[in-house]
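Okay, so here's the structure we're looking at.
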Amino acid sequence: MKLLISLLLVAATGSAHSRPAADLIVTHADIYTVDRQHPRAEAVAVIGERIVAVGSPAEIEEWRGPETHVIDARGRLLLPGFNDAHVHFTDGGADLAGVQLNDATSAQEFTRRIAAQAAKTAKGEWVLGGAWDETKWSPRQAPGAWLIDGVSREVPVFVSRYDGHQGLANSAAMNLAGITAGTADVPGGVIARDAAGNPTGIFKDAAQELIFKAIPPPSHEQRMAAARRALAYAASVGVTSVQHMSADYADVEVYSELLEKGELTTRIYCAPLETGWQDQAKVGLRRAWGSSYLRLGAVKGFADGSIGSRTAALFEPYSDEPDNRGILSAEMHPPEAMRERLMKADEAGLQLRVHAIGDRAISMILDMFADIEKAHGYHDQRMTIEHAQHVAPKDFARFAELHVIASMQPYHAIDDGRWVETRIGRERARSSYAWRSFLDHGVTLAFGTDWDVAPLDPILGLYAAVTRATLDGRNPRGWIAEQRITLAEAVEAYTLGSAFAEFQEKEKGSITPGKLADMVILSGDIFAMKPEAIRNVKVETTIVGGRIVYRAPGQSSVKSF
Ligand SMILES: [Zn+2]
């Protein structure tokens with residue numbers, strides 16, 4: 001009898017009421033789903049934080065109830081939210097408020113900006129951040145403390161090169177750190193010196209530690225403020241998930257507090273340093289442990305430095321420095337110690353994410369990964385090589401055989417591409433930032449930026465992946481153009497590929513019923529426009545778990561959370 005009554009009710013009130021009403025519907029969108037079963041759609045319905053239906057506007061209208069919030073996308077392109085597989089999130093947030101040096105076009109401008117920052121820095125605090133890039137200066141010159149000492153006598157300054165592999169300290173900073181002409185180099189690092197042996201202020205890779213340890217760590221409040229800035233900025237550029245490499249435990253603490261307050265609007269997966277693998281293993285955390293907003297269970301290692309600082313470890317010498325093959329990181333002294341730690345971390349069920357840029361470093365890490373798979377078997381560990389920039393041609397196939405994910409940052413190619421051939425020559429450049437070669441070998445790509453090393457905006461990454469047009473405008477048809485990939489491939493690497501790299505491909509990375517409702521609406525159809533125009537496209541709306549976390553100014557007002 002009961003059954004009959006409910007059937008009658010359905011008949012009387014219409015089929016729309018036979019299912020729960022959606023909380024959110026986005027309709028009249030041009031949806032590129034990144035779901036191979038149903039690549040295109042025009043509308044999507046969300047209940048709670050999950051997608052419940054994807055289809056035509058008429059099909060999705062069925063999910064509408066009196067309380068449903070509806071966004072009319074007016075034909076705009078809707079994609080899964082971007083997942084940045086490699087960021088330094090709180091550093092990026094701190095930089096948003098720090099000194100901006102990246103677009104300085106001369107040494108004078110560099111000095112002027114540091115002078116301005118030093119003038120407003122409170123006593124006892126440091127001038128940090130910067131992301132300087134001396135290759136953009138005209139005339140070009142090597143930076144040194146002498147450039148900034150005159151404008152920062154009382155204020156310690158340690159500003160980083162944009163790649164994070166060298167920093168410039170002023171004399172006040174070197175004094176606080178106790179650096180003198182007698183200070184010895186450290187393994188995995190270089191203290192640049194003048195002809196008389198005095199430190200110039202430039203500290204490379206592990207040598208930066210000598211200065212870092214003199215800098216007071218950010219307070220909890222400073223870190224909270226940086227995280228909040230980073231979250232707001234990520235939402236504004238359509239980044240709905242990030243994978244925080246080399247996260248401090250204090251970062252995890254801040255994210256945890258923000259999660260509790262309901263303020264996490266970006267999903268975060270943290271990979272603290274591999275040297276501390278036992279910390280996570282001790283409490284039994286395994287890969288991708290946690291909730292949809294905050295997870296742990298990965299460790300991040302470093303094998304070498306960077307090409308820009310000539311510290312990436314290469315098989316053959318740098319083309320412009322015949323005695324230099326780069327350096328292995330401090331963690332790789334000796335390599336056996338690194339191998340042992342990674343072996344144990346894998347055994348404990350932690351995911352391994354290792355920075356390797358030069359072909360020699362990449363090969364050494366692949367050897368270690370091969371040993372690990374031999375010892376423990378391949379069990380879908382999803383080990384990644386972070387950056388994987390300059391690959392020996394023989395090694396592409398090994399990535400595939402060992403199921404190693406290439407976690408790469410397309411923007412680096414159009415930035416470094418301006419000068420990298422002077423460092424490594426044309427031949428090695430051909431297998432550099434080699435997305436096409438990786439995909440052709442069946443390797444999974446996970447895209448990201450390395451923010452704060454490069455801009456967080458994923459649109460620039462897509463632009464870089466499909467054009468390889470270097471920032472100096474010298475390669476409009478693409479630098480090493482054969483390594484370009486299609487826009488569909490780039491979008492997949494930036495969504496589903498990154499989700500796979502954090503064991504979340506069943507939860508996010510495509511617009512599919514059952515997955516988390518993480519979506520972005522763009523201002524233009526990047527599939528229809530000329531590739532060079534992609535860089536001008538903006539994010540109009542960002543949705544995370546069904547919550548609208550960003551609306552571009554000028555968008556019609558909607559209910560927000
Ligand atoms: Zn990084």
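The values are calculated or read from the model by the stated rules, or taken from the named source; none is laboratory data. Treat the numbers as computed from the prediction; the structure is a model and nothing was measured. A quick note on method: Cβ atoms are made from the backbone with ideal geometry, for glycine too, and the neighbour counts reach across all protein chains shown. Each accessible area value is taken on the protein alone, full model and side chains, heavy atoms only, with ligands, DNA and RNA left out. Shrake-Rupley method; radii C 1.70, N 1.55, O 1.52, S 1.80 Å.
Things worth noting here:
- Check on ALA406, within 18 Å of the chain's Cα centre (by Cα), surrounded by 18 or more Cβ atoms within 10 Å (Cβ to Cβ) and more than 16 Å from the ligand (Cβ to nearest atom): no
- Hits in the range 390-403 - residues which are touching a helix residue (DSSP H, G or I) at 6+ places or on another chain (Cβ under 9 Å) and open to solvent by 20 Å² or more (accessible area, probe 1.4 Å): PRO393, LYS394, ARG398, ALA400, GLU401, LEU402, HIS403
- Of the residues ILE526, ILE485, ILE511, the single one that is open to solvent by less than 60 Å² (accessible area, probe 1.4 Å), in a loop (DSSP other than H, G, I, E, B) and under 26 Å from ARG353 (Cα atoms) is ILE485.
- Of the criteria (1) in a helix (DSSP H, G or I); (2) buried (at least 22 other Cβ atoms within 10 Å of the Cβ); (3) away from the ligand (no atom under 16 Å from the Cβ), which one GLY326 fails: (1)
- Yes/no for ALA184 being open to solvent by 20 Å² or more (accessible area, probe 1.4 Å), within 28 Å of ALA356 (Cα to Cα), away from the ligand (no atom under 16 Å from the Cβ) and without any contact (Cβ under 8 Å) to a residue 12 or more places away in the chain: yes
- Any chance THR470 is open to solvent by 10 Å² or more (accessible area, probe 1.4 Å) and either within 16 Å of the ligand (Cβ to nearest atom) or farther than 25 Å from ARG398 by Cβ (or both): no
- Restricting the range 244-276 to residues that are of a type in the set (S, T, N, Q) and either under 24 Å from THR384 (Cα atoms) or not in a loop (DSSP other than H, G, I, E, B) (or both), the residue that is nearest to the ligand (Cβ to nearest atom): SER246
Residue-by-condition table, conditions (1) in a loop (DSSP other than H, G, I, E, B); (2) more than 19 Å from the chain's Cα centre (by Cα):
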site	(1), (2)
GLY425	no, yes
VAL453	yes, no
LEU456	yes, no
LEU460	no, no
GLY473	yes, yes
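- Taking the range 331-363 as the range and being in a helix (DSSP H, G or I), within 16 Å of the ligand (Cβ to nearest atom) and not β-branched (Val, Ile, Thr) as the test, the residues that pass are GLU331, ALA361.
- For the range 364-389, the candidate set comprises residues that are under 19 Å from the mean Cα position of the chain (by Cα) and more than 16 Å from the ligand (Cβ to nearest atom); within that set, the residue that is most open to solvent (accessible area, probe 1.4 Å) is ARG382.
- Options THR90, THR111, THR68; residue that is within 16 Å of the ligand (Cβ to nearest atom), of a type in the set (S, T, N, Q) and either within 28 Å of the chain's Cα centre (by Cα) or crowded, with 16+ Cβ neighbours inside 10 Å (or both): THR90
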